[in-house]
Amino acid sequence: MVTHKMIIIKGGNILEIDVNNPVVKLCGEGIQAELAGRTTEAIELCTRAWEMRKDDYDACIAAHYMARYQENAEDTLKWNMRALEHAAAVDKRVLGFYASLYLNVGKSNEDLGNLPEARHYYELASAKLDMVPDGEYKETLKSGIKTALERVGE
């Protein structure tokens, strides 16, 4: 059986995304709606993605995007933690996600004033950078982690 995949090349990074995965499709459409200024539509699309998740991979992806649309720091942290918890139950397909997931959890903790916890997650993000393919995305993460550690005090 052939699985149809789309290869996204961004800043030298290559990610394989199953274009037939409805959760991935909806989250992608949500980001496009957000970029076009249609935040309400973006939230609806990502909510539908969360509601139709079938496994931990789907849940990790959908929760990661749901975190973007929360109205307060507590709920953002809950969704970021949810994404991380589901990632832990997935195979190697999510290894390249960990630096970003940890960075987001760290930022959520920082926003809540939990600086030691934020620092912990920023350090975890830094330790996972080697799992991210070289390129612009990795450099963006590296810069974000460095700045975050400076904000909370290394």
Only one residue in T40, T76, T3 is open to solvent by 60 Å² or more (accessible area, probe 1.4 Å) and at pLDDT 95 or above, so which one is that? T40
Applying the selection to the stretch 117-146, what residues are among the hydroxyl-bearing types (S, T, Y) and within 15 Å of V105 (Cα to Cα)? Y121, Y122, S126
Considering only the stretch 20-88, give the helices (runs of 4 or more DSSP H) lying wholly within it that have at least 1 residues that are aromatic (F, W, Y) and touching a helix residue (DSSP H, G or I) at 6+ places or on another chain (Cβ under 6 Å). 39-51, 56-66, 73-87
Without any contact (Cβ under 8 Å) to a residue 24 or more places away in the chain, open to solvent by less than 50 Å² (accessible area, probe 1.4 Å) and under 17 Å from P22 (Cβ atoms): is that true of C60 in this structure? no
Would you point out the residue of the stretch 79-103, among those that are among the charged types (D, E, K, R) and modelled with pLDDT under 95, that is most open to solvent (accessible area, probe 1.4 Å)? K92
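Name the single residue, out of those in the stretch 112-145 being part of a helix (DSSP H, G or I) and closer than 17 Å to K92 by Cα, that is most open to solvent (accessible area, probe 1.4 Å). Spell out the reasoning first.
In the first step, residues of the stretch 112-145 are kept if they are part of a helix (DSSP H, G or I); the result is 115-127, 129-131, 136-145.
Pick out the ones that are also closer than 17 Å to K92 by Cα and you get 125, 127, 129-131.
Values: A125: 0, A127: 68, L129: 18, D130: 119, M131: 72 Å².
So, considering only residues that are part of a helix (DSSP H, G or I) and closer than 17 Å to K92 by Cα, the one most open to solvent (accessible area, probe 1.4 Å) is D130.
The values are calculated or read from the model by the stated rules, or taken from the named source; none is laboratory data. No experiment lies behind these values; they were computed from the predicted model shown. Reconstructed Cβ throughout: ideal geometry from the backbone, glycine too, with neighbour counts over all protein chains shown. Ligands, DNA and RNA are excluded from the accessible area calculation, which covers all protein heavy atoms including side chains. Shrake-Rupley method; radii C 1.70, N 1.55, O 1.52, S 1.80 Å.
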